[in-house]
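Below: one structure, written as structure tokens.
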Amino acid sequence: MLEGHTGPVNGVAFLSDGTPVTAGYDGTIRAWPEGTSRALARYAAPQNALIATVDGLASAGADGTLHLLSEDGRDRATVEAGIGPLVALASDGNRLAVAALSGTVLIIDTATAQAITAINTGETALWTLGFTDDGTTLITGGSARAPRRWDVATGRALGPIGTVPAPAAAQADRGAQLFRACAICHATGADSASRAGPSLAHLFGRAPASLPDYPYSDALRRLSAPWTRDSVAQLFEIGPQRFAPGTKMPEQRLADPDDRAALMDYLERATK
């Protein structure tokens, strides 16, 4: 059992000498030489994914920042992706693919740290991605519930790999569809453990930052009024950073009031 992070561990990679490295919700990148813990880098935002590259490491932040690091933890380059919270990474050696919760993917040249292709998948959320062996195709997985293929050079859609229909209830329920993006970080069931974000069980009427086993940010600890349908809807209307400045919650907004109402309806049912 290795201890060092103060929150969920979201990514694991290995240095060239085989040393494990991890990225965490606490914003740190840690190396684990011979079972000890050493912080390589510290960032203000949670780090959602980590991957080894040909010349170091790449870490994807919840603030939308991609960090390219040397193996000793120094930032070689920082890319402000501008596509929202980053959740997944893949590499084919010379290029890096970074996926955002928003459903957008950037292909980045690791030598120049410049984006060379942008792919808008149109999905509510992305969870994973990877290059094919020949490097010509990117495969993504997300809320569409079937792997999808994309031309790396042009970003053109090449079609899905098989089909997995969504449950009938989710097809008919706009709130359930919207919650798929939230489900990356949050569970809803009464017996569910916290993920990258705390469990939402019994959310409405619950005091902020009140689960004993979750490392909340100071921004949420400063809130006092219990969560209500109106306050959660306001959070999604103005965004987490305006609602609770300094929170580590990834920035997400729902501009459409009908979408906010549908999500609140779903949360009322799912979190009882």
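Where a number appears in this text, it was derived from the coordinates with a stated rule and is not lab data. Computed from a predicted structure; not experimentally measured. Using ideal geometry, Cβ is built from the backbone for each residue, glycine included, and neighbour counts are taken over all protein chains shown.
Quick check: net charge around Ala31, other residues with Cβ under 11 Å of its Cβ, Lys/Arg +1 and Asp/Glu -1? Please list the in-between numbers first.
On the way: positive: Arg30, Arg38; negative: Asp17, Glu34, Glu71, Asp72.
My count for the surroundings of Ala31 gives -2.
Karplus couplings for the range 97-109 from phi (6.51 cos²θ - 1.76 cosθ + 1.60, θ = phi - 60°), rounded to Hz, Gly and Pro as x?
9, 10, 10, 10, 4, 5, x, 9, 10, 10, 9, 10, 6
Can you compute the modelled spin-label distance between Arg229 and Thr137, with each label point 7 Å from Cα toward Cβ, in nm?
4.7 nm
Over the chain, what relative contact order in percent results from Cα pairs under 8 Å that are six or more residues apart?
Numbers: 612 pairs, mean separation 27.7, N = 272.
Relative contact order of the chain: 10 percent.
Once Cα Rg over 2.2 N^0.38 Å is worked out from the coordinates, which option in (i) 0.94; (ii) 1.23; (iii) 1.02 does it equal?
This structure yields the entry labelled (iii).
Lys and Arg at +1, Asp and Glu at -1: add these up for the other residues within a Cβ distance under 15 Å of Arg174 and post the number. Walk me through the intermediate numbers first.
Working: positive: Arg180, Arg260, Arg269; negative: Asp173, Asp256, Asp258, Asp259, Asp265, Glu268.
That sum, taken over residues with Cβ under 15 Å, equals -3.
Please give the peptides 98-109, 76-87 ranked by average Cβ packing (other Cβ atoms within 10 Å per residue), highest first, as a rough proxy for protection.
Details: 98-109: 22.8, 76-87: 18.8.
The most tightly packed comes first, giving 98-109, 76-87.
Calculate, for Ala261 and Glu80, the FRET efficiency according to 1/(1 + (r/R0)^6) with r their C-beta to C-beta distance and R0 41 Å; round to the nearest 0.05.
With R0 = 41 Å, the Cβ-Cβ based efficiency is 0.80.
Tell me whether the range 168-270 comes out rounded, prolate or oblate; compute the Cα gyration tensor, take square roots of the eigenvalues as a ≥ b ≥ c, and use a/c under 1.5 as the rounded threshold.
Values: a/c = 1.73, a/b = 1.27, b/c = 1.36.
Because a/c hits 1.5 or more and a/b fails to exceed b/c, the range 168-270 counts as oblate.
Could you sort the peptides 153-161, 195-203 by per-residue average Cβ neighbour count (10 Å cutoff), highest mean leading?
Top to bottom by mean Cβ count within 10 Å: 195-203, 153-161.
Which net charge results for the neighbourhood of Ala157, defined as the other residues with beta-carbon distances under 15 angstrom from its beta-carbon, given Lys and Arg at +1 and Asp and Glu at -1?
Details: positive: Arg148, Arg149, Arg156; negative: Glu123, Asp151.
Residues near Ala157 contribute +1 overall.
Along the Cα→Cβ direction, 7 angstrom out, place labels at Asp72 and Ile116. What is the inter-label distance in nm?
It works out to 2.9 nm between the two label points.
Give me the distance between the Cα centres of the range 227-272 and the range 1-74, rounded to whole Å.
Result: 30 Å between the Cα centres.
For the range 91-205, what's the relative contact order in percent, using C-alpha pairs closer than 8 Å and at least 6 residues apart?
Numbers: 205 pairs, mean separation 16.8, N = 115.
With pairs under 8 Å counted, the relative contact order is 15 percent.
Given the -39500 (n - 2.57) contribution per DSSP H run of 4+ residues, what per-residue ellipticity at 222 nm results for the chain, rounded to the nearest 500 deg cm²/dmol?
-4500 deg cm²/dmol, from helical runs alone.
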